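Worksheet: one structure, shown below.
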Amino acid sequence: MFGTQERVTVSELMTESPETVPAGAPVADVVEWLDERGYTAAPVERDEPPFLFVEREALADLPGEDDTAVYKHAERIELGHLLSPDLGFGGIVRRLEAEPFYFVGWHGEVVGVLTRSDLNHPAAHAFLYTRVGELEMRLRDLLDAESDWAGTLATIPSGDGTETEYDAVLAEYEELGDADLQLREIDYTTFWHLQKAVAADDGALAHLPWDDGDDAFGALDRMRELRNHVAHYGNVVHNMDASYLDSGRNIHDLAETYDELEATLDALREWQSEPDRPAGA
């Protein structure tokens, strides 16, 4: 059911053919140029190896060097600065957690640059939305087979005119059943319903990578928030600094949430592959 749409690579997220800075340009001019474009780093113009780059923060911190040719403060692009164009999303996040930018080389030339801001590319949105969509589908299968999810929702008062959250699900199930669109009752639950059902049921938790219901609810809440952001083209990463004190989702938060998402998907796939899995799950 899930195919190539669940994979995104460096080549789909990188900025292709990055602009270069003249080797003889003054440091002050290059800092201004980088600031105007919002670039973290850029290659230096050069026709042959070794290839060089400059970093905005490093140049801005140079005292008394405003008129110096920028190439004197450039760094060589080494293997540690490069990413494969085929590296997948998990590897991208882990590498960008370590460093804010990388270059992409191909056939002896720099063909792209990848920064933390590129994680907000529409291709990343589509990829993450698909991953969380798969999680929802598999969670519903697990809960339908291994838990009393309906009993859990029947204990939660509803604010939409029905008595409980289960009544709200049942009302939608019956309404759409009349339009020949009827699926299972659980298919009309929201993500928040799934969170509550997982957190309340030890039978479901036994198949998932959390120690208790509170941990499960918190992790799923972070995934739901990420899903909501990418569904409406909000930012995957809200700030590009790596500081844990900054507000909004940073690269560390994304890495943690993505790892939780992958661990949960792995657990759900393992459950669904069990030979003694309940019939109909």
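The values are calculated or read from the model by the stated rules, or taken from the named source; none is laboratory data. Owing to the predicted nature of the structure, the values given are computational and were not obtained by experimental measurement. With ideal geometry, Cβ positions are generated from the backbone for all residues, glycine too; neighbour counts draw on all protein chains shown.
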- prompt: Considering Glu45, Glu36, Glu16, Glu65, which residue is closer than 29 Å to Tyr258 by Cβ and of a type outside the set (Ser, Thr, Tyr)?
  reply: Glu16
field: Residue satisfying all of: in the stretch 225-239; part of a loop (DSSP other than H, G, I, E, B) and in contact (Cβ under 8 Å) with a residue 12 or more places away in the chain; surrounded by the most Cβ atoms within 10 Å (Cβ to Cβ) among these
entry: Val236
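Here's the yes/no breakdown for (1) at pLDDT below 90; (2) not small (Gly, Ala, Ser):
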position: Leu245; (1), (2): yes, yes
position: Gly248; (1), (2): yes, no
position: Glu256; (1), (2): no, yes
position: Glu260; (1), (2): no, yes
- prompt: Residues of the stretch 37-62 being part of a helix (DSSP H, G or I), closer than 15 Å to Val113 by Cβ and in contact (Cβ under 8 Å) with a residue 24 or more places away in the chain, which ones?
  reply: Arg56
- request: Hey, can you tell me all the residues within the stretch 17-49 that are exposed (fewer than 13 other Cβ atoms within 10 Å of the Cβ) and under 19 Å from Gly108 (Cα atoms)?
  value: Ser17, Asp47, Glu48, Pro49
- prompt: So which residues in the stretch 22-72 are touching a helix residue (DSSP H, G or I) at 6+ places or on another chain (Cβ under 7 Å) and of a type in the set (Ser, Thr, Tyr), if there are any at all?
  reply: Tyr39, Thr40, Thr68
- prompt: Can you tell me which residue in the stretch 112-145 is farthest from Arg227 (Cα to Cα), limited to those that are in contact with a Phe, Trp or Tyr (Cβ under 6 Å, 6 or more places away or on another chain) and β-branched (Val, Ile, Thr)?
  reply: Val113
field: Filter pass, His125 being under 29 Å from Arg7 (Cα atoms) and surrounded by fewer than 18 Cβ atoms within 10 Å (Cβ to Cβ)
entry: no
- prompt: Looking at this structure, is Phe89 among the aromatic types (Phe, Trp, Tyr), in contact (Cβ under 8 Å) with a residue 60 or more places away in the chain and not assigned by TED's automatic domain parsing to the domain that holds Ile251?
  reply: yes
message: Against the condition in a helix (DSSP H, G or I) and in contact with a Lys or Arg (Cβ under 6 Å, 6 or more places away or on another chain), how does Leu34 come out, does it pass?
response: yes
Residue satisfying all of: in the stretch 201-216; over 15 Å from Ala145 (Cα atoms) and touching a residue at least 12 places away in the same chain (Cβ under 8 Å); surrounded by the fewest Cβ atoms within 10 Å (Cβ to Cβ) among these: Asp214
- prompt: Among Glu172, Glu97, which is the only one that is surrounded by fewer than 20 Cβ atoms within 10 Å (Cβ to Cβ), touching a residue at least 40 places away in the same chain (Cβ under 8 Å) and farther than 23 Å from Gly213 by Cα?
  reply: Glu97
message: Scan the stretch 174-189 and tell me whether some residue there is assigned by TED's automatic domain parsing to the domain that holds Ala263, part of a helix (DSSP H, G or I), under 25 Å from Leu265 (Cβ atoms) and polar (S, T, N, Q).
response: no
message: Just to be sure before I move on: is Leu128 over 12 Å from the mean Cα position of the chain (by Cα) and assigned by TED's automatic domain parsing to the domain that holds Ala197 in the structure I sent?
response: no
field: Options Leu119, Leu153, Leu143; residue that is surrounded by 21 or more Cβ atoms within 10 Å (Cβ to Cβ), in contact (Cβ under 8 Å) with a residue 24 or more places away in the chain and within 30 Å of Ala23 (Cα to Cα)
entry: Leu119
